[in-house]
Amino acid sequence: MNLKKSYAEKYGYERIVTDRNSPLIYAEADILKLADGQSYTIDEENKEFVLIVLYGKCSVSGEGFKFDCVGSRKTVFDGAAESVYIGRNKPFTVTGLNGDVKICVAKAPAEKYYEPFRIKAEDVVVKTFGKGACIREVAFTFPETVNANHLYIGEFWVEDGKWGSYPPHKHDIDNLPVEGALDEIYYYEFDKPQGFGVQMVYTKDGSINEAYKVENGDFVEIPKGYHPFSVAPNYKNYCLWIMAGKNRGLFSTTDEDHMWMNK
């Protein structure tokens, strides 16, 4: 089973994790890179979208709405991302402003329509998770408190050999309020071109037991199981996490072998 996909940065729209090439049920992810003044229109039926601006600025417009100058950072290490939500069956156009812009286009099936809206960087909640060797900053870019059918999105930053998504946790069964079933996609960037990390995905029954070297532009799909990540020493990592499912939120359980760390 290969859960890793790679993206080489280039202009245009590239489909990465789709409903045809992935074991995931809800979550999909594409990348859109535009030059200054360049536009691209997206029109897919029965899906909702969240545009996460990785760097640069853009406008996002469609019938009855327009959001100008979306984007607040030069790199993914310059704080939390800005994002735009587009509801079901609402075509929209993205235009690059003031230079290049790179956007992750997260999407999921949608049964109900919600009006488009923008989330500014200053409105994103950022928290410190973990301690010691697993401390990291986590931004709740598109939280469960805003309107959407299935998408729930955030970012984390890990550096210098530390671990994220640790102790190992999973969210693959519906047992609320303890655990909810949510697909997840990780997208990675590093502060140096040669930076790297290791992403694991494993289940207790051994049906999945994977470990990947991940570098700039890589994606890993998490259909089920535990999924700890570690960045190499002396590098800093950025990870965008895209979760999608019927129950949006952090409903996860820790691997029982490692639960003692939570005490």
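Bear in mind that the values in this text are calculations on the coordinates, not laboratory data. Quick caveat, the model's predicted, so the values are computed rather than measured. Glycine gets a Cβ as well: all are built from the backbone with ideal geometry, and neighbour counts include every protein chain shown.
Worth pointing out:
- Region 4-262: Rg to Rh, with Rh as the Kirkwood radius over Cα pairs: 0.95
- Dipole magnitude of region 116-235 about its Cα centre (Cβ charges: Lys, Arg +1; Asp, Glu -1), debye to nearest 20: 280 debye
- Taking 26 Å as the limit for the C-alpha separation, the pairs Lys57/Lys192; Lys4/Lys192; Lys74/Lys127; Lys5/Lys90 exceed it in the case of Lys5/Lys90.
- Translational D in µm²/s for region 118-216 (Stokes-Einstein at 37 °C, 0.692 mPa s, Kirkwood Rh from C-alpha pairs): 210 µm²/s
- Full extension of the chain segment joining Glu14 with Asp160 gains 49.5 nm, where the gain is 0.36 nm per residue of separation less the Cα-Cα distance.
- Asp205/Thr128 FRET efficiency (R0 30 Å; Cβ-Cβ; nearest 0.05): 0.35
- Note on Glu44 and Asn2: their simple-model spin labels are 2.1 nm apart, each label 7 Å out from Cα toward Cβ.
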